[in-house]
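Reviewing the structure listed below.
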Amino acid sequence: MGLEWFFVVRNGLASMRVPVSVPSASGRLCVAAGLAVALCALTAAPAAAENLPEVLVRTYQGNPTLNAERARQRGTDEGVPQALAGYRPQIVATLSSGLMAVRVLLPDNTVQTANLRPWTIGITVSQTLFNGFKTANTVRQSEAQVHSGREALRNVGQGVLLDAVTAYTNVLANQSLVEAQRINVTFLRETLGTTRKRFDAGDVTPTDVAQAEARQSRGLADLNSAEVNLAISQAVYAQVTGAPPGKLAQPDSIDRLLPRAREEALASARKDHPAILAAMYDTDVAQLGTKIAESSLWPNLTVQGNVQRSRDTDTSLTTTQIDQASVLGQLNVPIYDGGLATSQIRQAKEMAMQSRIVLQLVRDQARTAVEAAWVTHEGAKVALSAAESEVRSANVALAGVQQEAQAGQRTTLDVLNSQQDLTAARARLIGAQRDRVIAAYTLLSAVGRLDVKTLGLSTPDYAPEVHYHQVRDAWGGLRTPSGQ
């Protein structure tokens, strides 16, 4: 009659009380050795474990998607100094030189020839005085684009952090699933060995042996599937976070950061969600685009100053050098351009209408995302509690079925079915623990608060306004500022 051992295995998301049937002294030695190895591994794990905040910091600093979005935003910042250039004078220097052969027929029918080396040097300064408020509206539009880009960057940051959380918990869950399947295979192997010994003793039939062999084969297939899923999740983890996973610690709860009621979550999303704020700025961009288009119907007033010196450019050969300076004002009044300007104005108005519709659509999508995240989070808590209760009951049931089987009141198939139920319950518990973590971070993202500051991560928050102020009033220069 074999002994029954129980030991607790904690691996990431799951904590499992594992029953192992030990039919012999050698089996007891194997289990004792396995337990010792497990205890050593568990003792060493905390020292080398990487926690979720550390992974989020590394992701926030080095994720290529997020860094690309930051570069895009720095490019958007340059739209403001480009628009401000409309207020500033335009200065152009000109220089021309060459060779020219001249043959002049004079009134007395004499011919005069010369080989000239003409050259001209000058400088022209142009300044726009009025262009229908186009420059002012273009500056305001560029500033609105900058603010929209910042919110879009914040939204991408939320998505990247949520991807990192998902990748982290998937690896953690798959590691636990692999461990659970290994425990299941160990149990099935021990059960098959015991069944064969009982068959040799005449206590069971060949059917019992075949059933045990079939379950062991299924267990090996399930273990292989779990290992494949773990390898895939590890590859995704490395892509998102920038490094392959090692020992991962169980993530802490962030329930303290979540809204306490659904109405609070909806109000927070309407106020803080970056997608909504970006769409609001996009509406301003489109409305200013209408005003920019309307500027083409206004008069345009410019003033131009010019200083120039020309030498050997007179083909009559009567003047050697000409110096001239001028200040000219020019007023252009549009009368008719074939309908181009009016079409552009109508087009801009339709784009503004589209932006308002998109804003309402984004608000509806944000509200739906919050409601979905809220009910998912509440459901995840219920599912986790049910899964924990199921595992406890399945452990008790397996222990009872084993004792009854040893007394001859249960068959081998009953033991195998009970073990299968326990393994399935453990898998559901691991999945529920993973879903519980992801649901919490998804809800935090849905309300627009999944960021470095809210999570309290030990890394400086990226400040896009630093680069903006570095380039906004720059009058020139090719060097790219470092920004932040």
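A few comments on the model shown:
- Of all residues in region 199-224, those satisfying the criterion of being part of a helix (DSSP H, G or I) and either without any contact (Cβ under 8 Å) to a residue 12 or more places away in the chain or open to solvent by 70 Å² or more (accessible area, probe 1.4 Å) (or both) are PHE199, ASP200, PRO206, THR207, ALA210, GLU213, ALA214, SER217, ARG218, LEU220, ALA221, ASN224.
- In the condition set (1) surrounded by 13 or more Cβ atoms within 10 Å (Cβ to Cβ); (2) at negative phi, ASN115 is compliant with all but (1).
This table checks each residue for (1) within 50 Å of the chain's Cα centre (by Cα); (2) charged (D, E, K, R).
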position: ASP252; (1), (2): yes, yes
position: ALA286; (1), (2): yes, no
position: ALA293; (1), (2): yes, no
position: GLN308; (1), (2): no, no
position: ARG311; (1), (2): no, yes
position: LEU317; (1), (2): no, no
position: ALA325; (1), (2): no, no
position: TYR336; (1), (2): yes, no
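- Residue check for ALA407: loosely packed, with under 14 Cβ neighbours inside 10 Å, over 30 Å from TYR87 (Cβ atoms) and of a type outside the set (Ser, Thr, Tyr): yes
So that you can scan it fast, the table gives a plain yes or no per residue for (1) surrounded by fewer than 18 Cβ atoms within 10 Å (Cβ to Cβ); (2) without any contact (Cβ under 8 Å) to a residue 40 or more places away in the chain; (3) in a helix (DSSP H, G or I):
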{"site": "ALA279", "(1), (2), (3)": "no, no, yes"}
{"site": "LYS291", "(1), (2), (3)": "no, no, yes"}
{"site": "SER295", "(1), (2), (3)": "no, no, yes"}
{"site": "THR318", "(1), (2), (3)": "yes, yes, no"}
{"site": "VAL327", "(1), (2), (3)": "yes, yes, no"}
{"site": "GLN330", "(1), (2), (3)": "yes, yes, no"}
{"site": "TYR336", "(1), (2), (3)": "yes, yes, no"}
{"site": "SER343", "(1), (2), (3)": "yes, yes, yes"}
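- Residues (closer than 16 Å to ILE292 by Cα, among the aliphatic types (A, V, I, L, M) and open to solvent by 20 Å² or more (accessible area, probe 1.4 Å)) located in region 130-156: ALA136
- When TRP475 is tested against (1) open to solvent by 20 Å² or more (accessible area, probe 1.4 Å); (2) assigned to a helix (DSSP H, G or I); (3) touching a residue at least 40 places away in the same chain (Cβ under 8 Å), just one condition goes unmet, and that condition is (2).
- Flag if LEU416 is open to solvent by less than 40 Å² (accessible area, probe 1.4 Å), aliphatic (A, V, I, L, M) and either more than 30 Å from PRO206 (Cα to Cα) or touching a His at 6+ places or on another chain (Cβ under 7 Å) (or both): no
- PRO274, sole failed condition from (1) open to solvent by 40 Å² or more (accessible area, probe 1.4 Å); (2) touching a residue at least 40 places away in the same chain (Cβ under 8 Å); (3) farther than 20 Å from THR138 by Cβ: (1)
- For region 161-171, the criterion of being buried (at least 21 other Cβ atoms within 10 Å of the Cβ) and within 30 Å of GLY79 (Cα to Cα) is satisfied by at least one residue.
- Test: ARG434 is open to solvent by 40 Å² or more (accessible area, probe 1.4 Å) and closer than 24 Å to LEU258 by Cβ: yes
- Within the set LEU443, LEU416, the sole residue that is more than 24 Å from the chain's Cα centre (by Cα) and in a helix (DSSP H, G or I) turns out to be LEU416.
- Filtered by the rule that a residue be outside any strand (DSSP E or B) and over 30 Å from GLY132 (Cβ atoms), region 84-116 gives GLY98, LEU99, LEU106, PRO107, ASP108, ASN109, THR110.
- Any chance VAL307 is in a strand (DSSP E or B), open to solvent by 80 Å² or more (accessible area, probe 1.4 Å), touching a residue at least 40 places away in the same chain (Cβ under 8 Å) and not polar (S, T, N, Q): yes
Yes/no per residue for (1) open to solvent by less than 30 Å² (accessible area, probe 1.4 Å); (2) in a helix (DSSP H, G or I); (3) at pLDDT 95 or above; (4) not aliphatic (A, V, I, L, M):
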{"site": "VAL9", "(1), (2), (3), (4)": "yes, no, no, no"}
{"site": "CYS30", "(1), (2), (3), (4)": "no, yes, no, yes"}
{"site": "ALA33", "(1), (2), (3), (4)": "no, yes, no, no"}
{"site": "ALA36", "(1), (2), (3), (4)": "no, yes, no, no"}
{"site": "LEU42", "(1), (2), (3), (4)": "no, yes, no, no"}
{"site": "THR59", "(1), (2), (3), (4)": "yes, yes, yes, yes"}
{"site": "GLU69", "(1), (2), (3), (4)": "no, yes, yes, yes"}
{"site": "THR76", "(1), (2), (3), (4)": "no, yes, yes, yes"}
{"site": "VAL80", "(1), (2), (3), (4)": "yes, yes, yes, no"}
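- Qualifying residue in region 392-399 (condition: assigned to a helix (DSSP H, G or I), of a type outside the set (Ser, Thr, Tyr), under 30 Å from PHE130 (Cβ atoms) and open to solvent by 20 Å² or more (accessible area, probe 1.4 Å)): no
- The one condition in (1) out of contact with any Lys or Arg (no Cβ under 9 Å at 6 or more places or on another chain); (2) closer than 30 Å to GLY448 by Cβ; (3) basic (Lys, Arg) that ARG196 fails to fulfil: (2)
- The one condition from (1) over 14 Å from ALA366 (Cβ atoms); (2) assigned to a helix (DSSP H, G or I) that SER253 does not meet is (2).
- Where GLY448 falls short, out of the listed (1) open to solvent by less than 40 Å² (accessible area, probe 1.4 Å); (2) out of contact with any helix residue (DSSP H, G or I) (no Cβ under 7 Å at 6 or more places or on another chain); (3) at positive phi: (2)
The values are calculated or read from the model by the stated rules, or taken from the named source; none is laboratory data. No experiment lies behind these values; they were computed from the predicted model shown. Heads up, the Cβs are rebuilt from the backbone with ideal geometry, glycines too, and the neighbour counts pull from every protein chain shown. Areas reflect the complete protein model, heavy atoms only, side chains present, ligands, DNA and RNA absent. Shrake-Rupley method; radii C 1.70, N 1.55, O 1.52, S 1.80 Å.
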